[in-house]
Amino acid sequence: MLKSPFKTNLPKDAPVKELRFTLSGNMNRYVWSLDNKVVSETDKILIKKGENVRIVMYNGSMMRHPMHLHGHDFRILNEHGDYAPLKNVIDIMPMETDTIEFQANADGDWFFHCHILYHMMAGMGRIFTYENSAPNPLIHHPEMAFKMLKMDDRMFHFMAENDFASNGNDGEAMFSNTRWSIGTEWRLGYNDEHGYETETHIGRYIGKNQWLMPFIGFDWRYRRMGMDEQEQNLFGQKNTKDNRSVFSAGLEYTLPMLIKAQVEVYTDGNVRFQFERKDIPLAKRLRMNLMWNTDKEYMAGLKYIVARNFGITTHYDSDMGIGFGVNLNY
Ligand SMILES: [Cu+2]
């Protein structure tokens, strides 16, 4: 709707450089990019002084992104033609396409990025650099600055949570960045009948939607079985949860409704399929977790979110039975 009070046309005879970007990312992992590439995975984009740079942007994500360009005002091409408004941020809604254009009339390097700072630091941006030009006078140490900028989106983030419950401790920890995930989860009972187990997976997310993650893993568990207790998995393979210490390789695929399907092959020959959905929002502060696998294990849990880092939980686990507890997360 915005209209400039004066004409904002760019020089008519200048050459036009047209660029296209898809605003991309993964909502669930909270990683953000342009054309599925973060700043550190791309080269600077060369532009020439005197040309008109036109950028067509399509937002293929389910969040809005206020895209911001340093050092220039751009025209937002809308229904007002010659009177297109001049801005340096445009907030692009999901599934929306917008075209902006600006006159290349500066020197050196200029940052173009999403102005939600979490998205920017995750790598949602590009650097424009003027060909054969003096450095940007506002950047005092260009090489150092570029190095520091690329460190942002390569950074690994840490998260952890633990359920201190009446039937044991149940939790997970994860280091991850745009492409990699190193995660470990544990279920530690208070006695040998309930058992103890940890599973660790190191994987890399593949594809622009990051639905697929091949991984390698390590599995350790110990549980004292009863005298006549003989367990087999669904495929008739002997279940080794009484004493297992094996490596594995597997694939994780995110199905619709954010159900994670996992297939894992262990070095002892066993195979496991698992389906898990975490964080189902039942009410504003109430979440449900569900899990089932071919080792005939299942789990259902509820968490009431009391504060950002604190919740009250109850869960039923096929090995450890029912429990109540508190959950701390970081
Ligand atoms: Cu954004």
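What follows is calculated from the coordinates using simple rules that are stated; it is not laboratory data. As the structure is a prediction and not an experimental result, all values here were calculated from the model. FYI the Cβ positions are ideal-geometry reconstructions off the backbone, even for glycines, and counts take in every protein chain you see.
Tabulated values for the structure
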| quantity | calculated |
| --- | --- |
| Only Lys, Arg (+1) and Asp, Glu (-1) charged, at Cβ; the chain dipole about Cα centre in debye | 940 |
| Within-12-Å neighbourhood charge of Glu51 [Cβ basis; K, R +1; D, E -1] | 0 |
| Loop sites in the range 1-91: GluC sites (Glu not before Pro), DSSP, at most 12 other Cβ within 10 Å | Glu79 |
| Coarse-grained scattering of the range 16-153 at q = 0.19, 0.21 Å⁻¹, given as base-10 log I(q)/I(0) from a Debye sum over alpha-carbon atoms | -1.15, -1.36 |
| Hits among lysines - C-alpha to C-alpha of Lys303 under 21 Å, sequence gap 8 or more where chains match | Lys260, Lys278, Lys284 |
| Per-residue [θ]222 nm for the chain (sum of -39500 (n - 2.57) over DSSP H runs n ≥ 4, rounded to 500) | -1500 deg cm²/dmol |
| Per-residue Cβ neighbour rank within 10 angstrom, fewest leading, Arg75, Arg224 | Arg224, Arg75 |
| Least to most buried among Thr129, Thr198 (fewest other Cβ within 10 Å first) | Thr198, Thr129 |
| Debye-sum result for the range 64-139 in log10 I(q)/I(0), which assumes one identical scatterer on each alpha carbon, at q = 0.13, 0.22, 0.26 Å⁻¹ | -0.44, -1.06, -1.24 |
| Directionally averaged shadow of the chain, computed from the convex hull of its alpha-carbon atoms, nm² | 21.0 |
| Restraint check, Lys238/Lys296; Lys12/Lys49; Lys49/Lys147, Cα-Cα greater than 18 Å | Lys49/Lys147 |
| Net charge dipole size for the range 157-329 [Lys, Arg +1 and Asp, Glu -1 on Cβ; Debye, nearest 20] | 860 |
| Positive minus negative residues near Ile92 (Lys, Arg vs Asp, Glu; Cβ under 14 Å) | 0 |
| Helix 142-154 axis, angle to the chain major axis (alpha carbon atoms, nearest 10°) | 30 |
| Extreme residue, positive dipole direction of the range 1-74, given options Ile45, Val31, Ser4 (C-beta unit charges) | Ser4 |
| Whole-Å semi-axes of the range 161-236's equivalent ellipsoid (Cα gyration tensor) | 30, 18, 9 |
| Rough spin-label spacing in nm, given labels placed 7 Å along Cα→Cβ, for Met151 and Arg277 | 4.2 |
| Cα-centre dipole for the range 16-153 with unit charges at Cβ (Lys and Arg positive, Asp and Glu negative), debye to 20 | 220 |
| The range 157-329 - convex hull of the alpha-carbon atoms, volume per residue in Å³ | 115 |
| Ranked packing of 314-322, 231-239, most packed first, by mean Cβ within 10 Å | 314-322, 231-239 |
| FRET efficiency estimate (nearest 0.05) - Cβ-Cβ, Ala249 to Phe324, R0 41 angstrom | 0.65 |
